[in-house]
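The structure appears below as structure tokens.
The values are calculated or read from the model by the stated rules, or taken from the named source; none is laboratory data. All values derive from a computational prediction rather than experimental measurement. Note: ideal-geometry Cβ built from the backbone for every residue, glycine included; neighbour counts use all protein chains shown. We work out accessible area using only protein heavy atoms, side chains counted, and drop any ligands, DNA or RNA first. Shrake-Rupley method; radii C 1.70, N 1.55, O 1.52, S 1.80 Å.
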Amino acid sequence: MRNNRIAVAVSSLLCLAVWFGGASVAFGQTSWRDSLAVLQQQIRHNPADMDLRLRKAAVNIELEQWEYAVEEYGRVLQHEPHNLTAHFFRAYAFVQQRQLPMAAADYEAVLQQLPSHFAARLGLAEVRRKQGRRSDALDQLNMLVQQHPDSATAWAMRATYEEEIALDGLKTDADGNPRATLSRQAVGWLETAEYDWQQAAQLAPGRYDFKRALRRVRRLMRNED
């Protein structure tokens, strides 16, 4: 569950972006599939309308039609190479297809234009984590905290990854044998995670899950060598 917290956060931010960023298309009580049919008809009459294509791609994402979404965003980018919406949501679709290098390239394209884009930075960190590029993932999370020091989510996401690294160290020792206690290195990661969870809990005192995480880390730290 903890290992998926960053991915869940990215997905949640993407959902918010769909609804509040203007990319979503829900016509009253019409179903997503009915909305898709309406958009397809409109695109046939207005094939050069990139806004319609963005809206269709957003519905493709809602329907988990990743390949269609990637194709539609690709068409938009052929006409508008710097379209942030297309790069951002295509990256998410690429992640669902496990096309991680292509997802990273799209997130980086967003960050080149808008370095403080929270969800793109977090998305890139998650891609690097999935690729096993621990140092690169941490670099992105460090940047996220630097850019958004007042964001409890930024601190919590970094704490989550630090805790994950510490627990990886708990599984085996240098010889591959199961560990019963934490190594000094693992404790070091837990100490940084403890600090980050403290910051997150202070910034969002109503988030009891952050407080629970802080207590969990402190319990783990008592298990050191």
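Restriction of the GluC sites (Glu not before Pro) in the stretch 48-84 to DSSP coil positions whose beta-carbon has at most 12 other beta-carbons within 10 angstrom yields Glu64.
Charge tally around Gln96: other residues with Cβ under 13 Å, Lys/Arg +1 each, Asp/Glu -1 each, net -2.
Protein heavy-atom surface of the stretch 36-171, 1.4 angstrom probe: 46% of the accessible area is carbon and sulfur, with nucleic acids and ligands not counted.
Karplus-based coupling profile of the stretch 205-216, in residue order and whole Hz: x, x, 8, 5, 5, 5, 5, 5, 4, 4, 5, 4, with θ = phi - 60° in 6.51 cos²θ - 1.76 cosθ + 1.60 and x standing for Gly or Pro. The distance separating the Cα centre of the stretch 120-164 from that of the stretch 37-55 comes to 36 Å. Relative contact order of the stretch 180-225: 59 percent, from C-alpha pairs under 8 Å at least 6 residues apart in sequence. Near Leu182, the amide H atoms lying under 5 Å from its own belong to Glu224, Asp225; only residues 5 or more places off or on other chains count, and H is placed 1.01 Å from N.
Computed 3J(HN,Hα) for the stretch 118-133, one whole-Hz value per residue from the Karplus formula 6.51 cos²θ - 1.76 cosθ + 1.60 where θ = phi - 60°, is 4, 5, 5, 5, 5, x, 5, 4, 5, 4, 4, 4, 4, 7, x, 9, glycine and proline marked x.
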